[in-house]
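One structure below.
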Amino acid sequence: MSSLFDLTGRVAVVTGAGRGLGQGLALGLAEAGADLALVVNKTAPDETAKAIEALGRKAVVITADLSTEAGAARVVAETLEAFGKADILVNNAGIIRRTPAAEHAYSDWQAVLDVNLNSVFLLSQSFGREMIRAGYGKIVNIASMLTFQGGINVPGYTASKHAVAGLTKALANEWAGKGVNVNAIAPGYMATDNTEALRNDETRNRQILERIPSGRWGTAEDMKGPVVFLASRASDYMSGHVLCVDGGWMTR
């Protein structure tokens, strides 16, 4: 059974790999045997790369602005130069802008869509071509609880995460028969930089915890098992699925 989850010899690309959930996703894949292309915006994730190398895996850091088409192209070129292939793509990079919808600046709306949606399409398209040629590939998009709900003061983020689910299903329809599985993970409320304001708000923090059956915020460690599952042969017959990792949030 363990061989189904073995990623030895696979190359995985993880965006937003410098910290938080991205770091956890990358470490989980490395622990399962994969080599990693770690995509970051500004600060190189020395801690992540060193931890991966300590596991005996190879880690290459790629610095790119994923809000641009050129940035996405750079990720593809540098990954193929370093490894010659990409078996797994995890589209994790994302940003959020918190402003009431009536006052939400168009620039904030556009910035969120550029990173959270457009980069997912561009990277999936480019790496997808390589995977189709190879006859094998796994793409895992990171969605959100706001893929299913509306949220408050985050119209751009909510729209982008709804769109990620739709794109996941669209690509799955086209590529499942070509050996490429496209799925998504929808994390629940996770203890990351993006949720720091919520966790520091005593009232909102209490309200959130009261709704989570598990009674706690999620962590990067909670993402390791799900991403290895969707990146491995264990999920070969799954396509177009959005997997909730939410402590039971969606059951209430």
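The values are calculated or read from the model by the stated rules, or taken from the named source; none is laboratory data. Since this is a predicted model, take the numbers as computed values, not measurements. Glycine gets a Cβ as well: all are built from the backbone with ideal geometry, and neighbour counts include every protein chain shown. Ligands, DNA and RNA are stripped out before the accessible areas are found, and what is left, the full protein with its side chains, is counted by its heavy atoms. Shrake-Rupley method; radii C 1.70, N 1.55, O 1.52, S 1.80 Å.
Being of a type in the set (Lys, Arg) and within 13 Å of the chain's Cα centre (by Cα) is true for just one of 161, 178. Which residue is that?
That would be 161, the only listed residue that is of a type in the set (Lys, Arg) and within 13 Å of the chain's Cα centre (by Cα).
Looking only at the range 124-138, filter to residues that are under 20 Å from the mean Cα position of the chain (by Cα) and of a type in the set (D, E, K, R); which one of those is most open to solvent (accessible area, probe 1.4 Å)?
As a first pass, look at the range 124-138 and keep what is under 20 Å from the mean Cα position of the chain (by Cα): 124-131, 136-138.
This time we only want the ones that are of a type in the set (D, E, K, R), so: 129-130, 138.
On the way: 129: 119, 130: 61, 138: 0 Å².
Across the range 124-138, the extreme among qualifying residues is 129.
Sort out for me the helices (runs of 4 or more DSSP H) sitting completely within the range 16-123 that have 2 or more residues that are at pLDDT 95 or above and open to solvent by 60 Å² or more (accessible area, probe 1.4 Å).
By residue number, 46-54, 69-83, 106-113.
Quick check on residue 168: is it surrounded by 19 or more Cβ atoms within 10 Å (Cβ to Cβ), free of Cβ contacts under 8 Å to residues at least 24 places away in the same chain, assigned to a helix (DSSP H, G or I) and not basic (Lys, Arg)?
So residue 168 does not fit the description; no.
Hey, could you check the range 5-15 for residues that are part of a loop (DSSP other than H, G, I, E, B) and of a type outside the set (D, E, K, R) and say which is farthest from residue 224 (Cα to Cα)?
Restricting to residues being part of a loop (DSSP other than H, G, I, E, B) and of a type outside the set (D, E, K, R), the top hit is 9.
Quick check: is even one residue across the range 46-62 closer than 21 Å to residue 135 by Cα and under 18 Å from the mean Cα position of the chain (by Cα)?
At the first step, the residues of the range 46-62 found to be closer than 21 Å to residue 135 by Cα are none.
Checking the range 46-62: not a single residue is closer than 21 Å to residue 135 by Cα and under 18 Å from the mean Cα position of the chain (by Cα).
So, of the residues in the range 3-15 that are of a type in the set (A, V, I, L, M, F, W, C) and under 16 Å from residue 79 (Cα atoms), which turns out to be surrounded by the fewest Cβ atoms within 10 Å (Cβ to Cβ)?
11
In the list 225, 188, 248, 215, which residue meets the criterion of being in contact with a helix residue (DSSP H, G or I) (Cβ under 8 Å, 6 or more places away or on another chain), on the phi > 0 side of the Ramachandran plot and of a type outside the set (Lys, Arg)?
Just one listed residue meets the conditions, 215.
Test of understanding: among 147, 158, which residue is of a type in the set (Val, Ile, Thr), buried (at least 19 other Cβ atoms within 10 Å of the Cβ) and touching a residue at least 60 places away in the same chain (Cβ under 8 Å)?
After ruling out the rest, the residue left standing is 147.
Which one of these does residue 153 not meet: (1) open to solvent by 50 Å² or more (accessible area, probe 1.4 Å); (2) in a helix (DSSP H, G or I); (3) in contact (Cβ under 8 Å) with a residue 24 or more places away in the chain?
Exception for residue 153: condition (2).
Would you call residue 53 of a type outside the set (S, T, N, Q) and either touching a Leu at 6+ places or on another chain (Cβ under 8 Å) or touching a residue at least 24 places away in the same chain (Cβ under 8 Å) (or both)?
Here the answer is no, as residue 53 does not meet what is asked.
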